[in-house]
Amino acid sequence: MPHEPGLDVDVRVARGRGGFSLDAKIDAPPGVTILFGPSGSGKSTLLAVIAGLVRPDTGHVRLEGTTWFSSSPRLDVAIHERRVAFVFQSLALFPHLTAQANVEYGIERSVPPLERAARARASLVRFHAEHLAARRPATFSGGEGQRVALARAFAMNPRLVLLDEPFSAMDRSLRGELVELVRTLAEGLRVPVIHVTHRRGEALALGDRVILMRDGRVEATGDPRELLIERGGVGR
Amino acid sequence: MDLEPLFLSLQVATLATLIATIVGVAIGALLATRSFPGRDLLDVLLTAPMVLPPTVLGYYVLVALGRRSAIGQAFEAITGTSIVFTRTGAVVAATLGALPLVVKSARAAIEAVDPILIVAARTLGATPLRAFFTILLPLASRGILAGVMLGFARALGDFGVTLMVAGDIPGETQTASLAIYDAIQARRDGDAAGMIAVLTAFAVVTLYAVGKLGERRRAA
């Protein structure tokens with residue numbers, strides 16, 4: 001069956017009685033797609049639907065022609081089988097594990113332990129977090145935690161990367177550097193990266209395309225420069 | 001001091017705590033993470049042993065597991081011995097004492113773990129079972145351990161249900177609590193004193209350790 005490359009989502013999530021909290025149709029080719037919109041516009045719900053954390057009422061979620069969710073015929077691929085690297089706003093680092101163990105956690109169990117350790121270490125080095133390897137998250141600064149969370153996400157060879165405002169606690173220079181790094185890694189992996197942000201600068205620096213969301217719906221899709229500068233866009 | 005009742009108590013309480021831990025953590029996790037019909041009822045039923053008079057609880061156990069009950073007869077057909085008025089009965093009685101403490105602690109400890117961590121584990125490729133054993137259980141372990149220790153102390157000291165279900169057979173089901181009662185009744189206070197001292201010391205040490213576990217948990 002011919003299919004569009006990348007992610008293809010068309011879902012509705014009901015909000016109590018009548019109406020939808022999310023009614024969105026998006027597609028995201030390999031590269032960075034920015035989800036931009038005010039808080040409460042459904043960006044996080046959309047990420048949760050894609051990862052399988054929230055089950056839509058109707059619609060479908062497909063990646064590279066593989067269906068992850070379909071309301072008819074009924075299909076719902078388990079979260080752990082989707083291989084989605086999800087960097088949460090709260091980072092969700094495992095507090096009882098070192099940075100090294102956090103990063104290793106996402107690497108397939110079939111990889112031998114030594115190779116797993118080496119891959120995790122390489123990912124930490126890439127995000128300038130190798131000095132944190134033996135430390136636990138309670139001792140990290142906000143920016144350090146974010147680097148470890150990114151290292152964990154990219155170490156797992158994901159099929160799709162979802163970033164929920166991962167750069168918010170970083171200073172400007174580091175943010176610029178990591179934005180560039182995420183962009184390079186995403187290009188290398190050739191997988192879709194969906195990046196939620198409120199920052200226009202970040203959206204412009206990272207995004208190949210932008211999806212503007214409002215009230216649970218897609219308002220516009222297109223080139224970041226055109227949508228965020230020429231039309232004024234939303235947010236900071 | 002006759003040490004046999006003390007050793008028997010330790011043996012019975014250890015086995016009871018082991019059973020209560022496995023069953024209690026599983027049920028605690030179920031209550032903490034899943035919503036299902038009858039959840040509140042299950043919670044009430046599991047808490048009931050803490051507040052029911054031991055004689056009432058003992059009566060229910062006799063009805064459910066006695067020699068005329070279906071379970072009792074099946075057990076006897078397989079093992080050749082009955083559940084009630086044997087050590088098995090003493091273990092059942094002690095397990096019922098420990099179980100609510102383990103369930104309550106496990107549930108509270110598991111509920112205190114941030115659910116986003118389990119979600120994160122799942123997105124990182126962990127099956128629900130792997131997420132449970134590698135994230136949820138280690139993070140809830142101190143709370144669970146506190147419940148297990150309290151459960152063990154409770155199992156060690158059970159009197160009423162044990163008397164109803166297992167009787168007071170010296171060398172077979174006469175645990176330390178029962179032996180103390182017998183000794184006092186027979187005015188052998190000296191025999192009772194040693195066991196009283198051991199059980200008291202054990203209870204004090206357990207409560208102190210549980211308190212310390214709680215402090216470290218709050219500090220973590």
#### Entry: B:GLY214 being part of a helix (DSSP H, G or I), more than 30 Å from B:GLY143 (Cβ to Cβ) and in contact (Cβ under 8 Å) with a residue 24 or more places away in the chain
no
### Message
It is to be established whether one or more residues within the stretch A:206-217 are modelled with pLDDT under 85, surrounded by fewer than 22 Cβ atoms within 10 Å (Cβ to Cβ) and of a type in the set (Gly, Ala, Ser).
### Response
no
### Query
Residues B:GLY167, B:GLY157, B:GLY151: which one is surrounded by fewer than 18 Cβ atoms within 10 Å (Cβ to Cβ), among the small types (Gly, Ala, Ser) and either within 21 Å of B:ASP191 (Cα to Cα) or in contact with a Leu (Cβ under 6 Å, 6 or more places away or on another chain) (or both)?
B:GLY167
### Task
Tell me, yes or no, whether the stretch A:123-140 has at least one residue that is within 30 Å of B:ARG142 (Cβ to Cβ), among the β-branched types (Val, Ile, Thr), touching an Asp or Glu at 6+ places or on another chain (Cβ under 9 Å) and within 14 Å of another protein chain (Cβ to nearest Cβ).
no
### Query
Can you tell me how many residues in the stretch A:190-199 are in contact (Cβ under 8 Å) with a residue 40 or more places away in the chain and touching a helix residue (DSSP H, G or I) at 6+ places or on another chain (Cβ under 9 Å)?
6
### Number of positions in the stretch A:78-96 that are within 12 Å of A:LEU53 (Cα to Cα) and facing chain B (nearest Cβ under 7 Å)
4
### Task
Working carefully through the options A:LEU22, A:LEU46, A:LEU35, A:LEU75, find the one that is outside any loop (DSSP other than H, G, I, E, B), aliphatic (A, V, I, L, M), surrounded by fewer than 17 Cβ atoms within 10 Å (Cβ to Cβ) and away from chain B (no Cβ under 14 Å).
A:LEU75
## Note on the structure
Filtering the stretch A:147-177 down to residues that are buried (at least 22 other Cβ atoms within 10 Å of the Cβ) and in a helix (DSSP H, G or I) yields A:ARG147, A:VAL148, A:ALA149, A:LEU150, A:ALA151, A:ARG152, A:ALA153, A:PHE154, A:ALA155
#### Entry: Enumerated helices (runs of 4 or more DSSP H) restricted to the stretch B:90-195, each holding at least 3 residues that are within 14 Å of chain A (Cβ to nearest Cβ) and over 12 Å from the mean Cα position of the chain (by Cα)
B:115-123, B:128-131, B:137-156
### Task
Could you please give the count of residues in the stretch A:97-119 that are more than 12 Å from every other protein chain (Cβ to nearest Cβ) and either of a type in the set (A, V, I, L, M, F, W, C) or in contact (Cβ under 8 Å) with a residue 24 or more places away in the chain (or both)?
7
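The values are calculated or read from the model by the stated rules, or taken from the named source; none is laboratory data. Only a predicted model underlies this, so the values are computations on that prediction, with no experimental measurement involved. In this analysis, Cβ positions are derived from the backbone assuming ideal geometry, glycine residues included, and neighbour counts consider all displayed protein chains.
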